[in-house]
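A short worksheet on the structure shown next.
Nothing in this text is a laboratory measurement; each read-out follows from the coordinates by a stated rule. Just so you know, these numbers come straight off a predicted model, no measurement behind them. Note: ideal-geometry Cβ built from the backbone for every residue, glycine included; neighbour counts use all protein chains shown.
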Amino acid sequence: MLAALAMARVSGAQEPVAAQEPPCPLANEKRMLVTQLFFGLSVKGRGPVTPEEWQGFVRRNVTPRFPDGFTVYDAQGQWVNPMSHSVVREKTKVMVIAAEDTAQARAKITEVADLYRKVFHQQSVGVITSRECAAF
């Protein structure tokens, strides 16, 4: 590793050399991109996103992009509104997607978050990503 870093410095490489990921602990696992998306259900100026609206959004926008599957569960979210600095508590849907870590999968995750913000007039959709070992 030190030799690789020294070579990177000598050759003038712009990016640091990434450490190799350890192997997955189970034989049938592989590294995947695991993403959690946090969708607030409150909509300013109207009632919350209804179960029918949520199911329609998932059917039209998520399922076609991730046909291999995903998990959704209900949660209670809390965040500070950057405009008013007040604490906001709202019902939330959390979606977990495990997919091959490709540029296409990353783009689809961004599309889902952007579409939800647009359709339901949200300030943001929380997104957490990591590379994890998984098998399905």
Does residue 80 count as touching a residue at least 12 places away in the same chain (Cβ under 8 Å) and of a type in the set (Val, Ile, Thr)? no
Can you name the number of the only condition in (1) of a type outside the set (A, V, I, L, M); (2) in contact with a Lys or Arg (Cβ under 8 Å, 6 or more places away or on another chain); (3) loosely packed, with under 10 Cβ neighbours inside 10 Å that residue 123 fails? (3)
Quick one: would you say residue 65 is under 16 Å from residue 112 (Cβ atoms), surrounded by 10 or more Cβ atoms within 10 Å (Cβ to Cβ) and over 16 Å from the mean Cα position of the chain (by Cα)? no
Condition met for residue 57 (within 18 Å of the chain's Cα centre (by Cα) and part of a strand (DSSP E or B)): no
So, first residue over 18 Å from residue 106 (Cα atoms) in region 22-42, second residue among the small types (Gly, Ala, Ser), Cβ within less than 7 Å, six or more apart or across chains; the pairs are 26/135; 28/135; 29/134; 29/135; 40/77
What number of residues in region 102-120 are exposed (fewer than 14 other Cβ atoms within 10 Å of the Cβ) and either among the aliphatic types (A, V, I, L, M) or not in a helix (DSSP H, G or I) (or both)? 3
